[in-house]
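In what follows, a single structure is set out as C-alpha cells and then discussed.
The values are calculated or read from the model by the stated rules, or taken from the named source; none is laboratory data. Everything quoted here is computed from the prediction, not taken from an experiment. Reconstructed Cβ throughout: ideal geometry from the backbone, glycine too, with neighbour counts over all protein chains shown. Surface accessibility is based on the protein's heavy atoms, side chains included, excluding ligands, DNA and RNA. Shrake-Rupley method; radii C 1.70, N 1.55, O 1.52, S 1.80 Å.
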Amino acid sequence: MNKSQQWLRVQQRHANWYGNVDSGNIDAPACCGFINHEFIEPMFTALNRFKLKLLTTSLVHYHKATFSDPLQQSIVEQIERCYQLAATALSQSFPRPEVNFKLRGKSAGTAHLQLNKLRFNPLLLQDNPQAFIDEVVPHEICHLLAFQLYGKVKPHGVEWQTLMLHIFQCQPRTTHHFNTQSVEGKTFEYFCHCGCVHLSIRRHNKVVRGDSQYRCRQCGQNLQQTKSG
C-alpha cells in the first residue's frame, strides 16, 4: 500500500466515526522499524480536521485517585500530566481512566480499552520507578487514546506509534526490558541434553498431573525433572 492509499484509509477511519463509510483497519507499514515520519503529519492534520469527539456515554470523569504509597501516587500524577499534554496536542479532552496497582506477573502495565482502566505492576514499579514514569505510563495511555480516537486497531500499530512519538516524544517500543526475577515466582528445575531448564509452577503441575510433556526446543528431548525438584 502506497502513502496515498494509507492516507485515504486514515480519512476513511475518521469518516467512519460518524458512520459514513465502511469500517476498516489501518495496517502499520510493512517495515519492521518505527513508522515513516512522512505519514505522521497527515494523521494529526486529520485529527484537527475531523474534530473527533468521544461518545457522550464515555465522558465519565473519575475522581483523581490518591494512594498512600509515594511511588504509586507519582504514577497517578504522571497520568494526569500525560492527559494534559494529550489534550493540548489534540485540542480535545479525554476521560481520565480508573487506575490500580494490582497487576501481577511480568507485565509492567495493562490498558483495558472498553473499561478505560489502567493497571500497573507494583513490584516492577518499585524496581523501575523512573522508567515507569518516562515509558510505561505513556505507553499504556496511548493504548487508551488510540482506542478512543480510532476504535479497534492493532495494539502497537501506526495510530499508537504516532501518539507515542508526537504527544510524548517516546520511542514506540512494544515491550519493556526490566529484570523480572523478583516477580517470576517459584520455578522447578528440569533437564535435557542442553542442560537445565526452569519451568513455571503452572507447567510443572501439568507435568505432575500427566496433562503435558515438554520438550527442549534445541535438542528435542523430553524434559526430565530432577530428583530434588
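Of all the numbered requirements in (1) more than 27 Å from N179 (Cα to Cα); (2) of a type in the set (A, V, I, L, M); (3) not in a loop (DSSP other than H, G, I, E, B), L115 misses one, and that requirement is (3).
Report yes if some residue within region 140-154 is in contact (Cβ under 8 Å) with a residue 12 or more places away in the chain, under 16 Å from R173 (Cβ atoms) and out of contact with any Leu (no Cβ under 9 Å at 6 or more places or on another chain); otherwise report no. The answer is yes; a qualifying residue exists. Residue check: is A146 in a helix (DSSP H, G or I) and over 14 Å from the mean Cα position of the chain (by Cα)? Criteria not met by A146.
Number of residues in region 63-75 that are buried (at least 17 other Cβ atoms within 10 Å of the Cβ) and either over 28 Å from F178 (Cα atoms) or more than 18 Å from the chain's Cα centre (by Cα) (or both) equals 2.
For region 171-185, a residue qualifies if it is at pLDDT 85 or above and open to solvent by 40 Å² or more (accessible area, probe 1.4 Å), and the qualifying residues are Q171, R173, T174. Only one entry in F147, F168, F188 is surrounded by 15 or more Cβ atoms within 10 Å (Cβ to Cβ), in contact with a Gly (Cβ under 7 Å, 6 or more places away or on another chain) and not acidic (D, E), namely F188.
Taking first residues from region 197-210 that are over 18 Å from G105 (Cα atoms) and partners that are open to solvent by 50 Å² or more (accessible area, probe 1.4 Å) and in a strand (DSSP E or B), the Cβ contacts under 9 Å between residues at least 6 apart in sequence or on separate chains come to V197/E189; V197/F191; V207/Q225; V208/Q225. Could you look through region 76-91, keep only residues that are open to solvent by 30 Å² or more (accessible area, probe 1.4 Å) and in contact (Cβ under 8 Å) with a residue 12 or more places away in the chain, and pick out the one that is farthest from the chain's Cα centre (by Cα)? Looking at residues that are open to solvent by 30 Å² or more (accessible area, probe 1.4 Å) and in contact (Cβ under 8 Å) with a residue 12 or more places away in the chain, I get S91. The set of residues in region 118-131 that are assigned to a helix (DSSP H, G or I) and without any contact (Cβ under 8 Å) to a residue 60 or more places away in the chain comprises P122, L124, L125, Q126, D127, P129, Q130, A131.
Does any residue of region 202-211 turn out to be modelled with pLDDT under 85, outside any helix (DSSP H, G or I) and open to solvent by 20 Å² or more (accessible area, probe 1.4 Å)? No, region 202-211 has no match at all.
One residue alone among F120, F101 is touching a Gly at 6+ places or on another chain (Cβ under 7 Å) and of a type outside the set (K, R), and that residue is F120.
Looking at this structure, is T45 under 25 Å from Q171 (Cβ atoms), among the β-branched types (V, I, T) and at pLDDT 90 or above? No: the conditions fail for T45.
Please work out which residue is least open to solvent (accessible area, probe 1.4 Å), limiting yourself to region 103-131 and to residues that are among the basic types (K, R) and either modelled with pLDDT of 95 or more or closer than 21 Å to F147 by Cβ (or both).
Ranking the qualifying residues of region 103-131, first place goes to K117.
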